[in-house]
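The values are calculated or read from the model by the stated rules, or taken from the named source; none is laboratory data. As the structure is a prediction and not an experimental result, all values here were calculated from the model. Neighbour counts are summed over all protein chains in view; Cβ atoms, including those assigned to glycine, are modelled from backbone coordinates with ideal geometry.
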């Protein structure tokens with residue numbers, strides 16, 4: 001057994017995976033051939049990581065999540081319980097669409113809430129926050145908060161996961177980190 005990472009005895013890890021040091025893979029999860037998991041990831045119970053999926057460092061995957069081929073998650077991403085990605089735009093049982101998988105990139109620091117669905121081909125900008133149960137059908141801007149079905153823009157979030165409230169000059173302060181953010185032309189950037 002590889003001592004660089006932990007895998008529960010019920011986890012299935014196919015040949016040809018790359019799993020980073022300090023990663024933990026829990027009960028009944030399946031890591032498929034060609035998947036790459038960075039250092040210090042946590043893969044909850046009953047998770048499927050399909051072939052060629054890439055997870056960066058410190059990705060937290062909660063129970064019952066399916067991450068299908070075509071998905072790339074950068075560092076520090078949080079995937080809430082039972083959320084799911086799709087990877088084919090027009091699936092049909094009787095039509096083979098292997099090789100037509102559509103890529104979805106989840107940028108650094110994103111949080112995706114429980115039971116959310118990410119329809120393939122719609123990238124999610126860094127530190128965006130997807131509310132529980134949301135159905136993402138278009139690109140999500142960095143630092144955006146989106147909720148609902150279909151997901152709609154509902155505000156902006158700090159890197160610490162707090163709602164940002166911008167003053168008349170377009171500046172907001174995270175109540176936890178005290179970091180400042182600017183909203184300009186419907187884009188948020190962290191200052192200094």
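Could you list all residues from the stretch 84-117 that are in contact (Cβ under 8 Å) with a residue 40 or more places away in the chain and either within 19 Å of residue 44 (Cα to Cα) or not assigned by TED's automatic domain parsing to the domain that holds residue 37 (or both)? So that I can check it myself, show each step before the final result.
The first filter runs over the stretch 84-117 and keeps only residues in contact (Cβ under 8 Å) with a residue 40 or more places away in the chain, leaving 108-109, 111, 114.
Answer for the stretch 84-117, where residues must be in contact (Cβ under 8 Å) with a residue 40 or more places away in the chain and either within 19 Å of residue 44 (Cα to Cα) or not assigned by TED's automatic domain parsing to the domain that holds residue 37 (or both): 109, 111, 114.
Considering each residue of the stretch 158-188, count those that are without any contact (Cβ under 8 Å) to a residue 40 or more places away in the chain and within 21 Å of residue 75 (Cβ to Cβ), and give that number.
Here the count works out to 8.
Determine whether the stretch 23-30 contains at least one residue that is more than 22 Å from residue 114 (Cβ to Cβ) and either out of contact with any strand residue (DSSP E or B) (no Cβ under 9 Å at 6 or more places or on another chain) or surrounded by fewer than 18 Cβ atoms within 10 Å (Cβ to Cβ) (or both).
no
Which count do you get for residues in the stretch 36-71 that are within 20 Å of residue 99 (Cα to Cα) and within 15 Å of the chain's Cα centre (by Cα)?
12
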